[in-house]
Amino acid sequence: MDHFQFKHDQLFAEEVSVASIAKEYGTPLYIYSRATLERHWHAFDDAVGQHPHLICYAVKANSNLGVLSVLAKLGSGFDIVSGGELARVIEAGGDPAKVVFSGVAKKPDEIRYALEQGIMCFNVESEPELQRINKVAESMGKTAPISLRINPDVDAGTHPYISTGLKANKFGIPRERAVAAYKLAHSLPHLEVVGMDCHIGSQLTQVKPFVDALDRLLLLVDELAELGIKICHLDVGGGLGVRYMHETPPHPKEYAAAMAERMAGREELKLILEPGRAIAANAGILVTQVEFVKEGDEKHFAIVDAAMNDLIRPSLYAAWQEIIRVDQQITAVKRLYDVVGPVCETGDFLGKDRELAVAEGDYLAVRSAGAYGFVMASNYNSRCRPAEVMVDGANVHLVREREKQKELWKGEYKLT
Ligand code: LLP
């Protein structure tokens, strides 16, 4: 459940009308709801129950400082994939000691920065990365806490671009090489083996692949224990899906409880979850205004002021996200529209064949835009990226200003 609901004919974000926010801050505009973010985070945290655990929100889903600060105040941990994400977490008030660092190609500088900040652990994705981290730690006279990302080879049954747990993917260390890789890690003097992790994909709509992956990792934990290599935490990654259209993903409670259940009797093994989308997606909307309604021979177009550069998921993954009127008082005739943006590409659309009644000047909201929305925005067509606001009860906080034109060529030089 989220806090974007209709009151009479008007869409509200918590206690504030979306139209009034759009009028004040302009469009395109991302609007987030603090209560929704908090609710989703607690859903995970509560469901794990008494088993020692940490929810490490996947920063890549939405890295706005406003969002990160709300989660940091709840005591959240963070899953990061770059030095830039770590800097954001720290700036937002997050605790580096609750940070896990994932990603296939960590640069020596990023490793050094993370060690300086005292992160909880590096999720290592290859043998050469072990050597690199060991070398950087040695140069600093430190020991780096590491976990190995094991590729459990389970089919997550999701979009091929966001499926990560198969042998054919670039991520993680294959199960067959896992023991040898752990032995190597154990032998390197500046590494301390603390954990094991996996991440099998994103937007999963069933619990089974998660449980299968966890079972495979537990077997490996036991195998390593016999070799004298102790694993202190098991990180099962992120990936729980949300409802965009007709999907029926398990509730975070069901998912987290299934994971915690598998860990019963292993209280010495801390459980780490890295949800991104399930926390942020339905805590945000993208509001856009209709510029023109264009009636064609074969198609009708609602041309809006948001484009693929603002929200790329529909163009990139053919992802379907619900598009609704902000004001349900309908005067125009309902028709099937392609909702398209101003960018000069045929692939620039937010939705196709949507039944809508629209007129010039109307506001539309693209739902479930809080995750992988603004973070994937670009300046294509020299468009300024949208503003972002966070609603908290009856208050609206600007959490990122609309980009200004001259910021677009900052750091560029003309020739004389
Ligand atoms: N942990 C790791 C190591 C990951 O790679 C990811 C996401 C997550 C956690 C969080 O997964 P989530 O809970 O959000 O599913 N841009 C795509 C999604 C890419 C996900 C990449 N990895 C989209 O818009 O659908």
(message) Cβ contacts < 6 Å: first residue within 17 Å of residue 218 (Cβ to Cβ) and assigned by TED's automatic domain parsing to the domain that holds residue 79, restricted to the stretch 253-278; second residue among the acidic types (Asp, Glu) and crowded, with 16+ Cβ neighbours inside 10 Å, any location; separation 6+ or different chain. Result?
(response) 272/235
(message) I want to confirm something. Restricting to the stretch 317-335 and keeping residues that are under 19 Å from residue 30 (Cα atoms) and not small (Gly, Ala, Ser), which single residue is nearest to the ligand (Cβ to nearest atom)?
(response) 321
(message) I need the full set of residues from the stretch 353-383 which are under 23 Å from the mean Cα position of the chain (by Cα) and surrounded by 19 or more Cβ atoms within 10 Å (Cβ to Cβ), in order please.
(response) 365, 366, 367, 368, 369, 370, 371, 372, 373, 374, 377
(message) Please go through the stretch 43-53 and give me each residue that is in contact with a helix residue (DSSP H, G or I) (Cβ under 9 Å, 6 or more places away or on another chain) and at negative phi, ordered by number.
(response) 43, 44, 45, 46, 47, 48, 50, 51, 53
(request) Select from the stretch 189-214 the residues that are part of a helix (DSSP H, G or I) and touching a helix residue (DSSP H, G or I) at 6+ places or on another chain (Cβ under 7 Å) and write down the one among them that is surrounded by the fewest Cβ atoms within 10 Å (Cβ to Cβ). (result) 211
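Only residues that are buried (at least 16 other Cβ atoms within 10 Å of the Cβ) and either within 16 Å of residue 65 (Cβ to Cβ) or touching a residue at least 60 places away in the same chain (Cβ under 8 Å) (or both): list them for the stretch 384-401, please. Working first, answer last.
First, pick out the residues of the stretch 384-401 that are buried (at least 16 other Cβ atoms within 10 Å of the Cβ): 384-392, 396, 399-400.
Within the stretch 384-401, 385, 386, 387, 388, 389, 390, 391, 392, 396, 399, 400 qualify.
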(request) Residue by residue through the stretch 138-157, note down the ones that are β-branched (Val, Ile, Thr) and either within 13 Å of the ligand (Cβ to nearest atom) or without any contact (Cβ under 8 Å) to a residue 40 or more places away in the chain (or both). (result) 150
(request) Evaluate the following for residue 406: is it modelled with pLDDT of 95 or more, over 25 Å from residue 321 (Cα atoms) and part of a loop (DSSP other than H, G, I, E, B)? (result) no
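How many residues, within the stretch 294-326, are in a helix (DSSP H, G or I) and of a type outside the set (Phe, Trp, Tyr)?
So the answer is 4.
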(request) Only residues in the stretch 367-380 that are under 19 Å from residue 326 (Cβ atoms) count as the first member; pair them with residues that are assigned to a helix (DSSP H, G or I) and within 11 Å of the ligand (Cβ to nearest atom), Cβ under 6 angstrom, at least 6 apart or cross-chain, and list the lot. (result) 368/281; 370/280; 370/281
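The values are calculated or read from the model by the stated rules, or taken from the named source; none is laboratory data. Since the model is a prediction, treat every value here as computed from it, not as a measurement. Glycine also receives a Cβ, built like all others from the backbone with ideal geometry; neighbour counts cover every protein chain displayed.
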